[in-house]
Amino acid sequence: MTAVVPAPSAPHPAPRPRTERARQVIATARVVLEAEGIDGLTMRRLADELGIRAPSLYKHVSGKPDLELGLVELAMEESGDTLHRAVARGSADPVGALLTAYRSMGLTHPNLYRLLTGGGFPRDELVPGLEEWAGEPFYLAVGEPFLAQALWSFAHGTMILEFDHRFLGGSNLDRTWRAGADAFTAARTALAAKAVDRDR
């Protein structure tokens, strides 16, 4: 879930070192976020969920920005793993497999998705290489970086419009997503054919 599409073979970065208690705090924050949205995720609310006083949280995370960074990195790990697996399994239809997995993740975890893709994205604070690795499946699905960025743009834009119920009533969104997959598959095929012609 990233607008930056890397070159092929982006390495899987090691997760940020955190204590077991810090990981527990982030996991609990995710539960609150998923249930109540980003506005409901306050340090006080999180402390109540953990059964501790709010100041005790600062022993494990430095503040809400650090907490949100932990959630973003967790979401990137999960989405990267899921999308890499989808592309690997969908060898006959990698674009369709990628978009199906992407949509399923978004619909299952809408508040986490909005945090991951919304404004204020903490790019400069991320584990080095994480964003590139998480975005690599888009490149792997189509084999060209600008087409990969366009594919991510289609996926993200369509996801947000679906969340916000901005499609006309009666729209068949399964067919909309399939139409996008077919269009990008056709573009990938056309680019591959041009490359073959250039090499002759």
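Mind listing whichever residues of region 63-114 are of a type in the set (S, T, N, Q) and buried (at least 19 other Cβ atoms within 10 Å of the Cβ)?
Within region 63-114, Ser79, Asn111 meet the criteria.
Pull up region 34-54, narrow it to residues that are out of contact with any helix residue (DSSP H, G or I) (no Cβ under 7 Å at 6 or more places or on another chain) and farther than 23 Å from Glu125 by Cβ, then point me to the one that is surrounded by the fewest Cβ atoms within 10 Å (Cβ to Cβ).
Going through the qualifying residues, I end up with Gly51.
Give, as residue ranges, the helices (runs of 4 or more DSSP H) completely inside region 122-200 that count at least 2 residues that are within 30 Å of Pro17 (Cα to Cα).
Fully inside region 122-200 and qualifying: 130-142, 145-163.
From the list Ser104, Ser56, Ser62, which one is of a type outside the set (A, V, I, L, M), in a loop (DSSP other than H, G, I, E, B) and more than 18 Å from Ala10 (Cβ to Cβ)?
Ser62
Pick from region 120-135 the residues that are small (Gly, Ala, Ser) and within 14 Å of the chain's Cα centre (by Cα): which of them is surrounded by the fewest Cβ atoms within 10 Å (Cβ to Cβ)?
Gly135
Kindly check whether there is at least one residue in region 136-145 that is touching a Pro at 6+ places or on another chain (Cβ under 7 Å) and either of a type in the set (D, E, K, R) or surrounded by fewer than 16 Cβ atoms within 10 Å (Cβ to Cβ) (or both).
yes
So Ile26 passes all but one of these: (1) within 16 Å of Phe138 (Cβ to Cβ); (2) in contact with a Gly (Cβ under 6 Å, 6 or more places away or on another chain). Which condition number does it fail?
Looking at each condition in turn, Ile26 falls short on (1).
Scan region 95-123 for residues that are in contact with a Ser or Thr (Cβ under 8 Å, 6 or more places away or on another chain) and either of a type in the set (A, V, I, L, M) or over 25 Å from Asp164 (Cβ atoms) (or both) and report the count.
4
State the number of residues belonging to region 138-193 that are in contact (Cβ under 8 Å) with a residue 24 or more places away in the chain, more than 19 Å from Leu116 (Cβ to Cβ) and hydroxyl-bearing (Ser, Thr, Tyr).
So the answer is 1.
Restricting the search to region 77-99, which residues are in contact (Cβ under 8 Å) with a residue 40 or more places away in the chain and among the β-branched types (Val, Ile, Thr)?
Those that are in contact (Cβ under 8 Å) with a residue 40 or more places away in the chain and among the β-branched types (Val, Ile, Thr): Val87, Val95.
Readers should treat all values here as calculations from the given coordinates under stated rules, not as data from a laboratory. What you are looking at is a predicted structure, and each value in this text was computed from that prediction instead of being measured. Because the Cβ atoms are built from the backbone with ideal geometry, glycine has one as well, and the counts that use them run over all protein chains shown.
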